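Chemist: The structure that follows is given in the form of structure tokens.
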Amino acid sequence: MGGAPVPDRNETDEITVISKNTMIDGNIRSLANMQIDGNIKGNVETTRNIDMSGKIIGDVTCNNAGMISAAMQGNISLKGRMRMDRDTILIGDLSSQYADINGRIRGKLDIVGKAELKRDAVVFGDINASTIAVIDGAIIQGYVNTTFLSKEDSRNVFPDAISIDSKEVKS
């Protein structure tokens, strides 16, 4: 039996594809990258990355995620980066290291690093991030908290009170 040996399939090359005309009712767990173009009713979990353009009703846990014309109801928990285009909607909370948002979110954002809200972004919910960039046109309805200062750290920024020493006041 001659011929070239079949190369081993590397784990990083593996991708699970949920095609456009597929409906899955149940949870999905994978060690591969995922491309979700179809509809899923259930939680999705992978140690790798997910690109979504379909619909998901359930929670998503992965490394990095990209949403292009996707619709999701559930919470997203990422170890890395979220990228969301203008035709995407998320009804649920998002937690990640970095977020590049140009879609619509109704839920809380907890971003360890930087949250970037582009021109078409609409966020109805509180935002906690180390830093935030908001492009003219983005809409935010909720509280924005940049940095996580403890009470001890905040004392270094602001004194407990401002006092006027009588020696400083001259008549």
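What follows draws every value from the coordinates through simple rules; no lab data is involved. Not measured: the values here are computed from a predicted model. A quick note on method: Cβ atoms are made from the backbone with ideal geometry, for glycine too, and the neighbour counts reach across all protein chains shown.
Chemist: Note down the relative contact order for the chain as a percent, whole number, built from C-alpha pairs under 8 angstrom at least six residues apart.
Modeler: That works out to 10 percent.
Chemist: May I pose another question? For a 26 Å ceiling on Cα separation, which of these pairs sit above it: LYS55/LYS79; LYS79/LYS118; LYS41/LYS114; LYS41/LYS118; LYS41/LYS79?
Modeler: Pairs exceeding 26 Å: LYS41/LYS114; LYS41/LYS118.
Chemist: Quote the charge dipole size of the chain about the Cα centre in Debye, to the nearest 20; the model charges only the Cβ of Lys and Arg (+1) and of Asp and Glu (-1).
Modeler: On the way: 20 positive and 23 negative charges, 53 e Å.
The calculation lands at about 260 debye.
Chemist: On full extension of the chain, what length is gained from SER130 through LYS79, given 0.36 nm per residue of separation minus the C-alpha to C-alpha distance?
Modeler: Full extension of this stretch gives 16.8 nm more.
Chemist: Still on this model: Just the number, please: percent antiparallel of the DSSP beta bridges in the chain, rounded to the nearest 5.
Modeler: 0
Chemist: Would you calculate a helix-derived [θ] at 222 nm for the chain, using -39,500 (n - 2.57) for each DSSP H run of n ≥ 4 and dividing by the full residue count, to the nearest 500? Write out the running numbers ahead of the final one.
Modeler: Working: 1 runs with 7 residues, N = 171.
Calculated mean residue ellipticity at 222 nm is -1000 deg cm²/dmol.
Chemist: Here is a follow-up. Which cross-chain or sequence-distant (5 or more) residues have an amide H under 5 Å from the amide H of ILE140, H modelled 1.01 Å from N in plane?
Modeler: VAL123
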